[in-house]
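Undergrad: Take a look at the following structure, please.
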Amino acid sequence: MQNRDHMAINQREFTVGEILDAVRRHLAPRHVVTLATSLHDEPWAATAFYVLWDVDLVVCQGKRARTLAHMLANPRTAFAVDDRKADAWLQGLGSTSVLKGDDEARARNELQRVAPEFTRHFTNLEYPVLLIKIDEVTFVDRPGGIYPRQHLELRDGEWRFAQ
């Protein structure tokens with residue numbers, strides 16, 4: 001019990017900006033995400049490679065993938081990025097849209113850079129590139145002092161602590 005009390009004493013308050021910076025630092029070096037989708041009460045989870053754009057994720061999905069069908073029919077997409085450790089983990093929720101034009105080309109190039117072994121997949125124009133515009137994130141980074149978990153929401157164009 002003393003350790004918990006000691007942790008509570010040493011915890012400090014973080015600003016929304018500090019949490020978002022920590023989220024970016026968590027996401028930037030990683031490139032594998034677990035996506036969770038649902039359509040007609042049919043849940044589905046699959047992993048994908050991603051690149052980070054600010055606090056949003058960009059993924060590419062095969063044209064026959066169940067994940068793609070779900071994301072196109074129901075754009076609300078949940079995700080998790082972690083190292084399978086309790087020390088630091090991130091979960092989020094966002095809305096998916098298909099990228100086109102210069103954004104699509106940029107995303108395809110960036111995805112090839114992080115997972116060159118899947119270049120054939122990322123350069124296949126029949127495989128859509130999707131932006132997951134994040135509007136909710138829950139984050140823990142114990143080594144970084146972000147504990148208990150922090151829950152942020154994007155409301156009216158501004159990130160805030162969830163109520």
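Computed from the coordinates by the stated procedures, all read-outs in this text should not be read as laboratory data. It should be emphasised that the depicted structure is a prediction, and the values quoted were computed from it without experimental measurement. Counting neighbours? That spans all protein chains shown, and the Cβs are built from the backbone with ideal geometry, glycine included.
Undergrad: Report relative contact order for the chain in percent, whole number only (criteria: Cα-Cα under 8 Å, sequence separation at least 6).
TA: Values: 276 pairs, mean separation 35.8, N = 163.
With pairs under 8 Å counted, the relative contact order is 22 percent.
Undergrad: Of V140, T119, N74, which is farthest towards the positive pole of the chain's charge dipole, taken about the Cα centre with +1 and -1 on the beta-carbons of Lys, Arg and Asp, Glu respectively?
TA: T119
Undergrad: Okay, moving on. Take D156 and R142, extend 7 Å from each Cα along the Cα→Cβ direction, and tell me the distance between the two endpoints in nm.
TA: Distance between label points: 3.8 nm.
Undergrad: OK, next. Suppose only helical runs count, i.e. DSSP H with n ≥ 4. What mean residue ellipticity at 222 nm does that imply for the chain under -39500 (n - 2.57) per run, divided by all residues and rounded to the nearest 500 deg cm²/dmol? Show your work: numbers first, answer last.
TA: On the way: 5 runs with 47 residues, N = 163.
Rounded to the nearest 500, the figure is -8500 deg cm²/dmol.
Undergrad: Per 0.36 nm of contour for each residue apart, how much would the distance between R12 and T119 grow if the chain were fully extended, relative to their Cα-Cα spacing?
TA: Numbers: separation 107, 0.36 × 107 = 38.52 nm, distance 4.38 nm.
Stretched fully, the R12-T119 segment lengthens by 34.1 nm.
Undergrad: Something else about it: Taking loop as defined by DSSP and a crowding limit of 11 other beta carbons within 10 Å, which GluC sites (Glu not before Pro) in the stretch 71-148 fit?
TA: Sparse-neighbourhood loop GluC sites (Glu not before Pro): E126.
Undergrad: Charges only on Cβ, +1 for Lys and Arg, -1 for Asp and Glu: so what's the dipole of the chain about the Cα centre, in debye to the nearest 20? Please report the intermediate quantities before stating the final value.
TA: Values: 21 positive and 23 negative charges, 90 e Å.
The calculation lands at about 440 debye.
Undergrad: Based on the Kirkwood radius over alpha-carbon pairs, what value in µm²/s does the Stokes-Einstein equation return for the translational diffusion coefficient of the chain at 37 °C and 0.692 mPa s? Present the calculation step by step, with values, prior to reporting the outcome.
TA: Numbers: Rh = 16.8 Å.
So the translational diffusion coefficient is about 195 µm²/s.
Undergrad: How would you rank D54, D103, D41, going from fewest to most other Cβ atoms within 10 Å of each one's own Cβ? The partial results should precede the final answer.
TA: On the way: D54 10, D103 14, D41 5.
Ordered by Cβ neighbours within 10 Å, fewest first: D41, D54, D103.
Undergrad: Turning to a different aspect of this structure: Mean-square fluctuation check for the chain, GNM, Cα pairs under 10 Å: which of R113, R142, R12 is largest?
TA: Largest GNM mean-square fluctuation: R12.
Undergrad: Determine the gain in length on full extension of the stretch Q163-R76; use 0.36 nm per residue of separation and subtract their C-alpha separation, reporting nm with one decimal. Display every interim value, and only then the final one.
TA: Numbers: separation 87, 0.36 × 87 = 31.32 nm, distance 2.05 nm.
Full extension of this stretch gives 29.3 nm more.
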